[in-house]
Amino acid sequence: MSYTIIMDSAGEVNSRLTGKVISVPIIVSVGGKEYVDDKTMDIDAFRKAVRKSKEPPRSSCPSPDAY
């Protein structure tokens, strides 16, 4: 049997499943700037923006088209 797991980037999987998983990035908005939760995300800039912002970060699940 063959399968692929599709999840958003907030999910975590066992390392045995790594090759069978597709991760769709969520987008987190902080202070009007959007950060895409993928391998290119600048974590330091994101953390600085969160500390600076008076509003909490906002996110939502990826759109159906992203999947």
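The values are calculated or read from the model by the stated rules, or taken from the named source; none is laboratory data. A quick note: this is a predicted structure, and the numbers were derived from the prediction, not measured. Neighbour counts are summed over all protein chains in view; Cβ atoms, including those assigned to glycine, are modelled from backbone coordinates with ideal geometry. Surface areas here come from the heavy atoms of the whole protein model, side chains and all, with no ligands, DNA or RNA. Shrake-Rupley method; radii C 1.70, N 1.55, O 1.52, S 1.80 Å.
Taking the stretch 13-30 as the search range and keeping residues that are out of contact with any Pro (no Cβ under 9 Å at 6 or more places or on another chain) and part of a loop (DSSP other than H, G, I, E, B), which one is nearest to residue 65 (Cα to Cα)? So the residue we want is 13.
Once the stretch 1-31 is narrowed to residues that are among the β-branched types (Val, Ile, Thr) and open to solvent by 70 Å² or more (accessible area, probe 1.4 Å), the residue that is farthest from residue 62 (Cα to Cα) is 18. Looking across the stretch 51-67, the residues that are over 15 Å from the mean Cα position of the chain (by Cα) and either in a loop (DSSP other than H, G, I, E, B) or surrounded by 14 or more Cβ atoms within 10 Å (Cβ to Cβ) (or both) come down to 53, 54, 55, 56.
Answer yes or no: is there a residue in the stretch 32-50 that is in a helix (DSSP H, G or I), of a type in the set (Lys, Arg) and open to solvent by 80 Å² or more (accessible area, probe 1.4 Å). Looking for residues that are in a helix (DSSP H, G or I), of a type in the set (Lys, Arg) and open to solvent by 80 Å² or more (accessible area, probe 1.4 Å), one finds at least one in the stretch 32-50, hence yes. The residue that is nearest to residue 66 (Cα to Cα), among those in the stretch 1-12 that are of a type in the set (A, V, I, L, M) and without any contact (Cβ under 8 Å) to a residue 40 or more places away in the chain, is 7. Among residues of the stretch 36-54 that are more than 19 Å from residue 8 (Cα to Cα), those with a beta-carbon under 8 Å from a residue that is open to solvent by 100 Å² or more (accessible area, probe 1.4 Å) at least six positions away or on a different chain give the pairs 49/33. The single condition among (1) within 14 Å of the chain's Cα centre (by Cα); (2) in a loop (DSSP other than H, G, I, E, B) that residue 2 does not satisfy is (1).
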